[in-house]
Amino acid sequence: MANLKLSHIYKVYDNGHKAVNDFSIDIADQEFIVFVGPSGCGKSTTLRMIAGLETITAGDLFIGDTLVNDMEPKDRDIAMVFQSYALYPHMTVYENMAFGLRNRKMPEEEIKQRVLKAAKMLDIEEYLDRQPKAMSGGQRQRVALGRALVRDPKVFLLDEPLSNLDAKLRSAMRTEITALHKSLKTTFIYVTHDQVEAMTMGTRIVVMKLGYVQQIDTPMNLYNEPYNKFVAGFIGSPQMNFFDVTLKRNGDTVTIKFATGDEVTVPYEKVCKIHEEYLKGDKTVTFGIRPEHISVNKEGRGMRLIVTNVERLGNETIVYGKLGDHLEEFTLKDEGKNIIIKVVDRDDIEVDEVIWAEPNPEKVHFFDAETEITLMNKIPTVNTVHCRNKGGKMALLHKEVAMPEAFGDVLKGADEFALGIPPYAIVEGKDFELKVSRIEKVDNQNLAYLENDDSYLFALVDDKVREGDMYHFAIANQKVNVIKDGAEVLKAVKAEEVLPGTFSKTEVKENGDRVLHFFYNIGEYTIETAPENGYKINSIDGNNCYKYTYNYAIDREKIRVVSENEPGLPAVVNGYLNYGNIRFAKVEAAGVPMLIHVDDKFDKKNVRLAFDSKDIGVYSTRIDMKLC
Ligand code: ADP
């Protein structure tokens, strides 16, 4: 039994191909995690890194509490099952299963017990004397599972174990592997390109594409709340329909307008997480709706379509069509107009007929046309709040509060402006009050819908807040964007500063031994770092690491101002950003402008800044990668 932690894992192959990027996940003991995605997305590479069959380029891999990056595969206490079974053809099933244990010099009696127990679980007791060639694919895969089972590992890794089996056997083996996982109470990590396997077996699924994790979630959350268009299209069969549309809000409803000119409306409440800038009718967005979430009618409700094919499967009927009411306008390539609908309980739909389709308003999805990211994030990324400038004060959310100096400086007297306020920038306080309309649990956080005229302000609140309460709050001014005439004139203060620098080593004799010391160099400032970080950077970039430029990311709250005679980075103060409740000095250090958090009395011109190596993240500038 074991939990695993993958922290910022990267894999760059020797030919320079970056197969896995910034893969992070905490896997709890006894989870059944599935990595799924199209061929070549980096699933097997990640699994092989966990197994120790492939080196980890950057990042940390923990099994239990142990960092195992450099541990031999045989010492990791994991067992791997491959697609190809990898059985020894000249050995019997018994010998195949006993082989690994014999190598470990386990007493023969214990081997026998373990093999018999595993054979019983897998229902292959009667084949123990056979050779693999005299067995079917399904039986061979059971032997491969048995060989993993006898080792009683902490973690099972399975790489497409069912893809050589026919559909019926695959489905039976899926059930068996799920049952095996339940009875073994061990952590399973399973790789497949088959979304049905992923959905039916995983407690959580990692969807990957081109080396990047797209979403990590439970099967139902992936289905109901896909983070982007790729996940939406990958999970579910037949695939989700996608259309280019515009959205326009009219009070309580939002009109979805299709390229054909047809319109359908959905209640605003169902799509209230969509940012207002997408609801003005002038921006193309991608509308997604699953075939099973569309109903059809012949009375003219919804969008018209002409039926091009009907598949009657008995329990359900799949209707294929093209939006619009005549075909000659379209070509086969015109994918944006293709529609697939799954209907049950109706048998009156014919090819070439024009019918109408209505999406279920509870099940609509919308994606940004360029980034393809959902417009209905579980926690909306930003609330846009419209404000008036009243001299030293600003009016927003039915209140007037002091205008922070930092805002006043960039507004230059503009009468109207807006604030982009992320939910986490809304904090408990006394400045504002709004009624809590609804509270939603999102990944262990409480998302409150605060009533603000005819829309909502989204905030993260603690467990004490109830629906119907008046919520009293303030805004963490430094965490918001200021928008004037549609342009961002002041960006939220980031949590980190990034400074360019170099990396170096020195070799010294200590008690007769040659010992290496490694340093981050930012301008004239050198910071010694732990030897393991030095070895990491050296192992990734080779001896050229002493010639490259690195980006050093430093948590702003960990930047200290130190006295003249302490080691540090010289910096010149050239102004202030005063947010009222928090104040920053604008400084220039190592040729880079940055902000440091200071108190109200701070008025120095020249300072020295210091930070500890443990608070610094090191990023390659050569290849987009966090090294340590
Ligand atoms: P998946 O398991 O998702 O099909 P892999 O992890 O096997 O994908 O491969 C991810 C990417 O890395 C692919 O583009 C593949 O061609 C590449 N790749 C795999 N192994 C190597 C290797 N030994 N050397 C170079 N590139 C590799």
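The values are calculated or read from the model by the stated rules, or taken from the named source; none is laboratory data. Computed from a predicted structure; not experimentally measured. Cβ: placed from backbone, ideal geometry, glycine included. Neighbour counts: every protein chain shown.
Based on this model, can you work out whether K120 counts as charged (D, E, K, R) and at positive phi?
It is false that K120 is charged (D, E, K, R) and at positive phi.
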List the pairs whose first member sits in the stretch 403-414 and is closer than 11 Å to Y579 by Cβ, whose second member is of a type in the set (K, R), and whose Cβ atoms are under 7 Å apart, counting only residues at least 6 apart or on separate chains? M403/K393
Pick from the stretch 144-159 the residues that are outside any helix (DSSP H, G or I), of a type in the set (D, E, K, R) and touching a helix residue (DSSP H, G or I) at 6+ places or on another chain (Cβ under 8 Å): which of them is farthest from E108 (Cα to Cα)? D159
Residue within the stretch 402-409 that is among the aliphatic types (A, V, I, L, M) and in a helix (DSSP H, G or I) present: yes
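Answer with yes or no whether N581 is out of contact with any strand residue (DSSP E or B) (no Cβ under 7 Å at 6 or more places or on another chain), in contact (Cβ under 8 Å) with a residue 60 or more places away in the chain and either in a strand (DSSP E or B) or farther than 24 Å from I9 by Cα (or both).
Judged against the criteria, N581 is a match.
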Taking the stretch 415-426 on its own, how many of its residues are surrounded by 15 or more Cβ atoms within 10 Å (Cβ to Cβ) and either β-branched (V, I, T) or more than 29 Å from the chain's Cα centre (by Cα) (or both)? 4
What strands (runs of 3 or more DSSP E) lie completely within the stretch 262-380 and have 3 or more residues being farther than 22 Å from P238 by Cα? 263-267
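Can you go through Q195, Q239 and tell me which one is within 30 Å of A369 (Cβ to Cβ) and within 16 Å of the ligand (Cβ to nearest atom)?
Testing whether each residue is within 30 Å of A369 (Cβ to Cβ) and within 16 Å of the ligand (Cβ to nearest atom) leaves just Q195.
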Filtering the stretch 212-258 down to residues that are without any contact (Cβ under 8 Å) to a residue 60 or more places away in the chain and charged (D, E, K, R), which residue is surrounded by the most Cβ atoms within 10 Å (Cβ to Cβ)? D217
Any chance the stretch 476-496 includes a residue that's among the polar types (S, T, N, Q), modelled with pLDDT of 95 or more and more than 29 Å from the chain's Cα centre (by Cα)? no
Name the residue that is farthest from I339 (Cα to Cα), counting only residues in the stretch 266-282 that are more than 27 Å from the chain's Cα centre (by Cα) and surrounded by 15 or more Cβ atoms within 10 Å (Cβ to Cβ). Y268
From E564, E588, E557, E532, which residue is of a type outside the set (S, T, N, Q) and assigned to a strand (DSSP E or B)? E588
Residues being closer than 21 Å to P73 by Cβ and within 14 Å of the ligand (Cβ to nearest atom) - total across the stretch 1-28: 9
Restricting attention to the stretch 501-532, and to residues there that are among the polar types (S, T, N, Q) and farther than 19 Å from I554 by Cα, which single residue is surrounded by the fewest Cβ atoms within 10 Å (Cβ to Cβ)? N511
Do we have any residue at all in the stretch 141-148 that's among the hydrophobic types (A, V, I, L, M, F, W, C), within 16 Å of the ligand (Cβ to nearest atom), touching a residue at least 60 places away in the same chain (Cβ under 8 Å) and crowded, with 20+ Cβ neighbours inside 10 Å? no
